[in-house]
1. How about the range 27-41: which of its residues are of a type outside the set (D, E, K, R) and touching a Leu at 6+ places or on another chain (Cβ under 8 Å)?
2. For the range 17-38, how many residues are modelled with pLDDT of 95 or more and open to solvent by less than 80 Å² (accessible area, probe 1.4 Å)?
Amino acid sequence: MKKLTQLRLKKEVTQEELGKAIGVSEKTISTYETGRRNLPVDKAKKIGDYFQVNWWELYEDERGWLLLRR
C-alpha cells in the first residue's frame, strides 16, 4: 500500500509508532505497506484519524482510483 508508506514517511513516523497508535504490531504495518495483507477499514479509519486525513484516500492511487482487491 504505497500511499500508507508515503504518508507515514512524510510525517516521519516509524512503523512501530504507527502500530502502537492503532493497536497492531510493527510487522502488521509492514504487511499493509507491502500489500501482503489488506488494510481493514477499521484500521484505515484509525490511521486516517492519526494522520488527520480521509481514511479512504489510503485506498486510492495517484489518479484517485480506488485500489480494492478481493
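The values are calculated or read from the model by the stated rules, or taken from the named source; none is laboratory data. Model, not experiment: these values are computed from the prediction. Virtual Cβ from ideal backbone geometry, glycine too; neighbours counted across all protein chains shown. What goes into the accessible areas is simple: the full protein's heavy atoms, side chains included, and nothing from ligands, DNA or RNA. Shrake-Rupley method; radii C 1.70, N 1.55, O 1.52, S 1.80 Å.
1. Of everything in the range 27-41, those that are of a type outside the set (D, E, K, R) and touching a Leu at 6+ places or on another chain (Cβ under 8 Å) turn out to be ILE29, TYR32, LEU39.
2. Result for the range 17-38: 13.
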